[in-house]
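Some notes on the structure that comes next.
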Amino acid sequence: MSKNLFIETLGCAMNSRDSEHIIAQLSEKENYTLTDDLASADLILINTCSVREKPVSKLFSELGVFNKKKKDGAKIGVCGCTASHLGEEIIKRAPYVSFVLGARNVSKITDVLHREKAVEIDINYDESEFAFDDFRTSPYKAFINISMGCDKSCTYCIVPKTRGDEISIPDELIIREATRAVKGGAKEVFLLGQNVNNYGRRFSGEHEKVNFSELLRRLSLIDGLERIRFTSPHPFHMDDEFIEEFARNPKICKSMHMPLQSGSTKVLKDMKRGYSKEWFLERVEKLRSVCPEVSISTDIIVAFPGESDEDFADTIDVMKRVRFDQIFSFKYSPRPETEAEHFTNTVDEDVASFRLTSLQNLNTEILDEINATSLGKIYRVYFEDLNKDYFVSGRSDNNIVIKVKGSDELLGEFRDVKITAIGRTILTGEVVA
Ligand code: 5AD
Ligand code: SF4
């Protein structure tokens with residue numbers, strides 16, 4: 001008899017893909033069916049994120065709610081990055097939790113399910129060649145892991161402690177997965193890794209040298225695959241070969257995520273990012289010179305320990321020069337087992353809040369100016385989502401979210417759309433061809 005699975009996914013796209021793998025294993029091997037009704041679930045999973053403190057503290061209050069609402073006999077499991085990082089402590093603090101399954105141990109889901117109080121959190125467990133069953137949330141776009149873990153040592157970041165050392169998935173497996181997704185109707189693939197443009201540095205076994213640019217070239221030969229996206233590249237590894245392949249290859253979508261973190265060379269050094277303000281600006285210039293239509297998004301952390309007013313002014317300076325198309329901005333949050341956790345020159349909370357607000361206000365101003373230039377322009381949109389009120393939405397090649405009046409006939413289709421109205425996060429248009 002079929003059982004019900006409720007799963008909540010927090011954090012990044014890698015976590016979303018891990019959840020798809022968990023769902024695939026549970027439905028193929030254990031006969032589970034997805035539900036969004038917690039009270040009817042036989043198994044409740046939370047796939048957690050630990051990148052900042054907030055989601056971690058939320059976990060225990062959420063677990064308490066789940067425990068109250070669950071039906072008798074239902075199991076609760078905690079997966080993902082906070083599972084890797086807290087391990088057994090989760091069961092100590094929430095004894096009704098049945099098992100803890102760390103990121104990078106996803107393939108063990110069908111095992112821990114049957115071992116009460118199991119804790120599987122080996123951060124270097126090698127899943128790079130594991131043949132997961134197939135489950136995709138969207139038939140139009142396929143998320144595909146190309147590597148796991150991260151070899152960098154950014155001083156603020158907990159990820160190397162939750163996802164372990166970097167290991168690349170063999171290109172033939174990635175190509176096989178992409179080909180299967182395309183046969184299943186996806187015209188777009190979204191490649192995932194902590195540091196995608198460092199692809200090929202290490203494989204599980206002996207493997208021919210294939211770097212990220214070469215992987216992109218090989219993937220783009222797949223018939224029927226029309227769009228390739230990826231996240232996240234690292235500015236340090238943005239060499240000319242990569243930028244030129246990005247610009248030249250028509251299947252690669254012209255939107256680049258360039259996580260700046262800080263515009264101050266001094267702070268970047270303290271963060272151990274491996275590049276300077278000048279290097280970052282020079283890479284943006286190079287990218288825009290070979291690919292003028294590219295849209296650039298970024299991540300910024302404000303109030304890292306030791307960040308002075310001058311350092312913050314450097315971040316604002318980079319914002320004004322680059323004019324990012326999208327930013328994800330955060331206040332620095334000290335994380336356990338990181339180098340910066342021990343830095344004592346912390347920035348006052350009110351200064352941190354002021355800096356975050358000024359940065360976000362500047363971004364809104366810039367975005368309004370950029371968006372205003374879109375009115376009347378025509379974009380090629382790949383439609384993926386059916387919204388309420390008879391709208392269908394999708395993305396332009398350079399990652400702008402655009403909606404038009406329409407029905408599910410547009411899903412999975414490309415159309416030229418002329419922009420008729422501007423919003424902050426979404427543009428409205430009409431299909432012209
Ligand atoms: N505090 C605040 N933001 C962080 N990020 C990573 N670690 C921290 C931290 N300790 C941000 C970075 C990263 C994004 C995924 O999360 O900007 O690029
Ligand atoms: Fe993703 Fe990092 Fe959060 Fe883990 S800690 S879910 S890798 S963002």
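The values are calculated or read from the model by the stated rules, or taken from the named source; none is laboratory data. A quick note: this is a predicted structure, and the numbers were derived from the prediction, not measured. All Cβ positions, even for glycine, are placed from backbone atoms using ideal geometry, and neighbour counts span all protein chains on display. Heavy atoms of the whole protein, side chains included, go into the accessibility calculation; ligands, DNA and RNA do not. Shrake-Rupley method; radii C 1.70, N 1.55, O 1.52, S 1.80 Å.
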Nearest-10 value in Å² for the accessible area of D408, using the 1.4 Å probe: 100 Å²
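When ligands, DNA and RNA are left out and all protein chains stay put, how many square angstrom of accessible area per residue does region 346-407 have with a 1.4 Å probe?
Working: 3400 Å² over 62 residues.
Value for region 346-407: 55 Å² per residue.
Would you mind telling me the share, in percent, of accessible area of region 158-280 contributed by carbon and sulfur at probe 1.4 angstrom? Display every interim value, and only then the final one.
On the way: 2410 of 4740 Å².
Within region 158-280, the accessible surface is 51 percent carbon and sulfur.
Calculate, in nm to one decimal, what T110 and E282 gain on full extension: separation in residues at 0.36 nm each, minus their alpha carbon distance. Mind dumping the intermediate values first?
Working: separation 172, 0.36 × 172 = 61.92 nm, distance 4.84 nm.
Result: 57.1 nm gained on full extension.
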Using a Förster radius of 45 Å, what is the FRET efficiency between D72 and L375 based on their Cβ-Cβ separation? Nearest 0.05, please. 0.20
List every residue whose amide H lies under 5 Å from the amide H of V119, counting only residues 5 or more places away in sequence or on a different chain, with H placed 1.01 Å from N in the peptide plane. V100
Taking a crude spin-label model, label points 7 Å out from Cα along the C-beta direction, the E337 to L386 distance in nm is 4.3 nm
Region 378-431: relative contact order in percent, alpha carbon pairs under 8 Å with at least 6 residues between: 35 percent
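What percent do you get for the relative contact order of region 257-372 when only Cα pairs under 8 Å and 6+ apart count? Provide the component values of the computation, followed by the final result.
Numbers: 139 pairs, mean separation 33.6, N = 116.
For region 257-372, the relative contact order is 29 percent.
Determine the calculated [θ] at 222 nm for the chain from helices alone, applying -39500 (n - 2.57) to every DSSP H run no shorter than 4 residues and normalising by the residue count; nearest 500 deg cm²/dmol.
Numbers: 13 runs with 145 residues, N = 433.
For the chain, the value works out to -10000 deg cm²/dmol.
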Would you mind checking K251/K320; K54/K388; K54/K161 for any pair whose Cα atoms are more than 22 angstrom apart? K251/K320; K54/K388
Under the Karplus curve 6.51 cos²θ - 1.76 cosθ + 1.60, θ = phi - 60°, whole-Hz ³J(HN,Hα) for region 30-36, x wherever Gly or Pro sits: 10, 6, 8, 10, 5, 9, 9
Under Stokes-Einstein, region 62-156 at 4 °C and 1.567 mPa s, with its Kirkwood radius over C-alpha pairs, diffuses with a coefficient in µm²/s of 85 µm²/s
As an exercise, use a Förster radius of 41 Å and the Cβ-Cβ distance of A39 and H207 to find the FRET efficiency, rounded to the nearest 0.05. 0.30
Assuming 0.36 nm per residue, please report the length gained on full extension of the stretch E129 to T179 beyond their Cα-Cα distance. 16.3 nm
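Can you give the Rg to Rh ratio for the chain, taking only C-alpha atoms and Rh from Kirkwood?
Numbers: Rg = 22.1 Å, Rh = 23.1 Å.
Result: Rg/Rh = 0.96.
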Count the DSSP beta bridges whose two residues both fall in the chain, then state the antiparallel fraction as a percent rounded to the nearest 5. 35 percent
If the chain between N345 and S2 were fully stretched, how many nm would it gain, using 0.36 nm times the residue separation less the Cα-Cα distance? 118.0 nm
Per residue, how much accessible surface does region 62-199 expose to a 1.4 Å probe? Answer in Å², no decimals. 39 Å²
With θ set to phi - 60° and the Karplus curve 6.51 cos²θ - 1.76 cosθ + 1.60, what are the ³J(HN,Hα) couplings of region 57-70 in order, to the nearest whole Hz, using x for Gly and Pro? 5, 5, 3, 6, 5, 5, 4, x, 5, 4, 5, 6, 8, 5
³J(HN,Hα) across region 222-228 via Karplus (A = 6.51, B = -1.76, C = 1.60, θ = phi - 60°), whole Hz, x for Gly/Pro? 5, 5, x, 7, 10, 9, 10
Among V401, V65, V51, which one shows the biggest mean-square fluctuation in a GNM of the chain, springs joining Cα atoms closer than 10 Å? V65
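Leaving ligands, DNA and RNA out of it, rank L367, L359 by accessible area with a 1.4 Å probe, largest first.
From most accessible down to least: L367, L359.
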At 0.890 mPa s and 25 °C, Stokes D of region 257-372 from Kirkwood alpha-carbon radius, µm² per second: 167 µm²/s
At 7 Å along Cα-to-Cβ for each site, give me the label-to-label distance between N31 and F354 in nm. 6.4 nm
